[in-house]
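Participant: Please find one structure pasted underneath; my questions will follow.
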Amino acid sequence: TRLMVFEKAFRPVALVTPLLLAMRQRLREWARQQAPGVGEADHACLGHPVNFEGREAQHNTVALERLSEAAAHAGFVRQVFYPEPMAAALSYMHAFPTVQPGRLLAVDFGGGTLDLCVLQRQGDAFEVLSIHGEGLGGDHLDQSLFRALLFPLLGKGESWRRSGDEREIVTLFPFEHYEDLLLNWAVSYRLNQNEYTTPLLSCIAQGGEAVEKFQRLYTLITSNLSYLVFQSLRDVKAALSSGEIAVLDIPDLDIELTVTRAQFEAIIAHHLAHFDQAVTDTLALAQCLPEQ
């Protein structure tokens, strides 16, 4: 319901509205020059994921309501909503009007969602044969890289020793309490609270071989380096799109790792299987074979 930006809380609507307002202002300026009688530019066709990210039962409804509210604040009083793969297919047909009639599969792989649809094109008209969406995107690949490459360097699986009433207590460090917040850079600032930093300071004070890992996690949290870490992971991902080897270099955390294309493909294999199944499901909904 709120996101912290420079220590101020904002509703998502308040962050989206200025973007839409800027678009509308640019559109009005263009219209005044190119088509003086076009009016107030108050009609928007709004693209959206087939299924938004989120686990709550009404997450799609809530997201569309927020998008509509932001558009209204920006002055778009007339609104039409298009699932993103349908919008992508329409854009493609507009850009390539001479494409032969037939069936088209539109695939929209974004940061957080995968959206697909099958269209039947006949001249200037089209029919939507199926539409499908999954909570799968580039952010999920980044999170899998974080888990596989960085969790072992931040204390996952290490022991935590502390004094009990009669003897020393040794347990695994409760890394699972940190995982969800570490994997979402937008809210990872919440880790900088005593309930998370106190156990880390205890582990650092105990000494031993894992001190460097706990110190690294403490620095990541207290210096709020999550966005930097994810940007470094995305750089590695981009490099491995065209090369066989990339270096994950995060000097602030004293991390330098060589990552191979084979490692990357193994880490994201379950995501690729998910992607493959989504395409299969979309074709099945359209009662369409791949060769069609």
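The values are calculated or read from the model by the stated rules, or taken from the named source; none is laboratory data. Being a predicted model, the structure only gives us computed values, none of them experimental. Note: ideal-geometry Cβ built from the backbone for every residue, glycine included; neighbour counts use all protein chains shown. Just the protein is used for accessible areas: all its heavy atoms, side chains included, with ligands, DNA and RNA removed. Shrake-Rupley method; radii C 1.70, N 1.55, O 1.52, S 1.80 Å.
Participant: Assign one of three labels to the stretch 160-292, namely rounded, prolate or oblate, based on the Cα gyration tensor with a ≥ b ≥ c the square roots of its eigenvalues; rounded applies when a/c is under 1.5, prolate when it is not and a/b is larger than b/c, and oblate otherwise.
Facilitator: Prolate is the answer for the stretch 160-292, as a/c is 1.5 or above and a/b outweighs b/c.
Participant: Hey, what number do you get for the chain at 222 nm if only DSSP H runs of n ≥ 4 count, each worth -39500 (n - 2.57), divided across all residues, to the nearest 500?
Facilitator: Value at 222 nm, helices only: -14000 deg cm²/dmol.
Participant: Then there's this: To the nearest 10 degrees, how steep is helix 59-73 against the longest Cα principal axis of the chain, on a 0 to 90 scale?
Facilitator: Once rounded, one gets 60 degrees.
Participant: Which value, in debye to the nearest 20, describes the size of the charge dipole of the chain about its Cα centre when Lys and Arg Cβ atoms bear +1, Asp and Glu Cβ atoms bear -1, and nothing else is charged?
Facilitator: 780
Participant: Can you tell me the orientation of helix 12-34 relative to the chain, as the angle in degrees between its alpha-carbon axis and the longest Cα principal axis, to the nearest 10?
Facilitator: 30
Participant: I would also like to ask the following. At q = 0.12, 0.13 Å⁻¹, work out log10 I(q)/I(0) for the stretch 81-218 with the Debye formula, treating every Cα as an identical point scatterer and leaving solvent out; two decimals please.
Facilitator: Here the Debye-derived log intensity ratios amount to -0.64, -0.68.
Participant: Can you give me the distance in nm between label points at Gln292 and Ser242, each placed 7 Å from the Cα along the Cα-to-Cβ direction?
Facilitator: 3.9
Participant: Could you please state how large a percent of the accessible area of the stretch 193-292 is carbon and sulfur, counting protein chains only and using a 1.4 Å probe?
Facilitator: Result for the stretch 193-292: 52 percent of the exposed heavy-atom area is carbon or sulfur.
Participant: Another question about this same structure. Using a 1.4 Å probe, what is the accessible area per residue for the chain, in Å²?
Facilitator: Spelled out: the 1.4 Å probe surface of the chain, per residue, equals 59 Å².
Participant: Consider the candidate values (i) 180; (ii) 156; (iii) 197; state which one is volume of the Cα convex hull per residue in Å³ computed from the structure displayed.
Facilitator: So the structure-derived entry is (iii).
Participant: If I stretch the segment between Ser163 and Thr98 completely, what's the gain in nm (0.36 nm per residue apart, minus their alpha carbon distance), one decimal?
Facilitator: Computed gain between Ser163 and Thr98 is 15.8 nm.
Participant: Follow-up. Is the stretch 1-82 best put as rounded, prolate or oblate by its Cα gyration tensor, with a ≥ b ≥ c the root eigenvalues, rounded for a/c under 1.5, and otherwise prolate when a/b is larger than b/c, oblate when not?
Facilitator: oblate
Participant: Rounded, prolate or oblate: pick one for the stretch 17-132, where a ≥ b ≥ c are the square roots of the eigenvalues of its C-alpha gyration tensor, a/c under 1.5 means rounded, and failing that, prolate if a/b is larger than b/c, else oblate.
Facilitator: Oblate, since a/c reaches 1.5 and b/c is not below a/b.
Participant: Moving on to the next point. For Lys237, which lysines qualify as cross-link partners when the Cα separation must be under 19 Å and same-chain residues fewer than eight apart are set aside?
Facilitator: none
Participant: Taking 35 Å as R0, compute the FRET efficiency from the Cβ-Cβ separation of Asn194 and Glu65 and round it to 0.05.
Facilitator: For Asn194 and Glu65, the calculated efficiency is 0.45.
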